[in-house]
1. Within region 164-186, track down each residue that is surrounded by 15 or more Cβ atoms within 10 Å (Cβ to Cβ) and within 30 Å of residue 261 (Cβ to Cβ).
2. Considering only region 354-374, state which residues are more than 25 Å from residue 121 (Cβ to Cβ) and surrounded by 23 or more Cβ atoms within 10 Å (Cβ to Cβ).
3. Among the candidates 316, 307, which residue alone is acidic (Asp, Glu), assigned by TED's automatic domain parsing to the domain that holds residue 240 and either touching a residue at least 40 places away in the same chain (Cβ under 8 Å) or under 25 Å from residue 262 (Cβ atoms) (or both)?
4. Of the residues in region 288-303, how many are buried (at least 19 other Cβ atoms within 10 Å of the Cβ), farther than 21 Å from residue 346 by Cβ and at pLDDT below 90?
5. Checking residue 143 against (1) part of a loop (DSSP other than H, G, I, E, B); (2) crowded, with 21+ Cβ neighbours inside 10 Å; (3) within 25 Å of the chain's Cα centre (by Cα): exactly one of these is not met. Which one?
6. Which condition does residue 405 not pass, out of (1) assigned to a helix (DSSP H, G or I); (2) in contact with a strand residue (DSSP E or B) (Cβ under 6 Å, 6 or more places away or on another chain); (3) closer than 20 Å to residue 234 by Cα, if it passes all the others?
7. If I filter region 96-126 down to residues being assigned to a helix (DSSP H, G or I) and among the small types (Gly, Ala, Ser), which single residue comes out as nearest to residue 45 (Cα to Cα)?
8. Going by the structure shown, is residue 407 of a type in the set (Ser, Thr, Tyr) and under 30 Å from residue 304 (Cα atoms)?
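The values are calculated or read from the model by the stated rules, or taken from the named source; none is laboratory data. Keep in mind that this is a model prediction, so the values were computed, not measured. In this analysis, Cβ positions are derived from the backbone assuming ideal geometry, glycine residues included, and neighbour counts consider all displayed protein chains.
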Amino acid sequence: MVPTRDGEISPAGAGPGTGRLLVAAKRLVASWQRSEEYGVSADTVDPLWAGTVQADSLYFSCGQEVLTALHRTLADEPISLMLTDADGLLLNRLSGDPDLLRSLDRVHLAPGFTYSERDAGTNGMGLALADRAPALVRAEDHYSASLRTYTCAAVPVFDPVSGALEGSVNITTWSRSSPELLLALAQSAAGNTAALMLARSLGRSQRPGRKGGGVFRLQRGGLEPAAGTLRTMSAAWTAALDAATRALAAGRVVAAVGEHGAGRVTLLAQALRQARPGTRILSAAAPAPEDVDAWLSLWTPELAKPDTAVVVENADLLPAWAAQELQDHVTRALRAVPPPTDGSGSLAWAVTAAELEAVPHPLAASIDTVITVPALRDRGDDVLHLARYAARQTRLREIDFTPAAETALLAHDWPDNVDELFTVVHDAAVRAETIDIQHLPAYLLGGPGVHLSRIESMERDEIVRSLARPGVTVAAAAAELGISRATIYRRIARLGIRVPR
């Protein structure tokens, strides 16, 4: 399927219609529309020159290694293997075909140039990065006529630990080549790059894959950990909440930005409760790219119902085509039900994201107010309030913490924010009437920023297990572990263990 200049879809190059082809066609049409909005030339591509590339990241070293190995097996094939960063900047280019290289040079498809959609229009790597999903752009699918000599397959690469978009693997060849094989090769290379990054990530755990997006109604109390019985919160949280409440009361579209797990949805839900009492609040979490079409059809009809508010969670993870479709749904809903003068009954909606710049253009343009939700490590006054709340929710009554446990909770930097704190406290509360240091995970006693291998983590956990028992001295723990006192002190220092007191 090929997008045409008037936004229609022609069947050229496609077989019988399927759901997968329909989604592919939507992506291409949306990409062409964005390319036109960006003012990209339909005749000659003119990508931005960004200068020297940064080649010192884990992603680049792993991707370069994978593509070099793949290039050795395909040295005689007329293809070019490329790696880009998350902004579409070409980091490298490998090819053994001089004719193809000269041709790519003429369209500046070379390291140092940026091939995002905004700079080069619809192309393989630009579409893969915009939609965060594998992309196959055949010759006739390119927005710029100067690129229709080529067929491109690109697959995004995500950090296996943080889940952040690192860039894309791109394979480009002449238009006459088999596109399905290109996409399979690109997917294999992207997967191998992520696997190699994980193997070299100092024993850190792999982030779970993103499942289908959930849509649920936010009930008061149960899903709002800072509401109801918990009213004392830090000044940083209260300031952000007040700002969001004022913006939503004024009918603005609000983006709550910050780290995952910091409480972005909670803050928006609380603000909506204050600004729009009685409103039904729906939370729609962005799903995996292949589930977006079904996800949109599931809940967007709710937009037209009165007294409804929607929080789109992780809007920065939405494919760009889906962001455009969502924005169209919102626009139609607002036109169908004109907002009353007092603001009641009209659609209220907000989004969450890691940062505003990562929200796809169609949604980002509609955002009026940006509220930064501080990470938990920057809200130290909230740690013990939230910990006691989590314990009370687990046991349905008050649970005490020893001073040593409180000290450990306050000293940890909580890289996964409130979600991590709730998990830690819940696991401890189901096992103890009073939470002490031995009920907390061993890694809480490690110093911030200490990355350990699996073997080092096991060694640390055993030392902490021994030290955490009431009344145990360092010398006694060393004897139990069968090592000398001097050795245990050296390992405590090397592994970054904070000795409980």
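1. 165, 166, 167, 168, 169 - these are the residues of region 164-186 that are surrounded by 15 or more Cβ atoms within 10 Å (Cβ to Cβ) and within 30 Å of residue 261 (Cβ to Cβ).
2. Of everything in region 354-374, those that are more than 25 Å from residue 121 (Cβ to Cβ) and surrounded by 23 or more Cβ atoms within 10 Å (Cβ to Cβ) turn out to be 371, 373.
3. Working: 307 fails: either touching a residue at least 40 places away in the same chain (Cβ under 8 Å) or under 25 Å from residue 262 (Cβ atoms) (or both).
Of 316, 307, the one residue that is acidic (Asp, Glu), assigned by TED's automatic domain parsing to the domain that holds residue 240 and either touching a residue at least 40 places away in the same chain (Cβ under 8 Å) or under 25 Å from residue 262 (Cβ atoms) (or both) is 316.
4. Total satisfying the criteria: 3.
5. Answer for residue 143: the failing condition is (3).
6. Among (1) assigned to a helix (DSSP H, G or I); (2) in contact with a strand residue (DSSP E or B) (Cβ under 6 Å, 6 or more places away or on another chain); (3) closer than 20 Å to residue 234 by Cα, the lone unmet condition for residue 405 is (3).
7. Filtering region 96-126 for residues assigned to a helix (DSSP H, G or I) gives 98-106, 117-120, 124-126.
In the following step, the residues that additionally are among the small types (Gly, Ala, Ser) were identified as 103, 120, 124, 126.
Values: 103: 13, 120: 6, 124: 14, 126: 13 Å.
Within region 96-126, the match that is nearest to residue 45 (Cα to Cα) is 120.
8. Working: of a type in the set (Ser, Thr, Tyr): yes; under 30 Å from residue 304 (Cα atoms): no.
Judged against the criteria, residue 407 is not a match.
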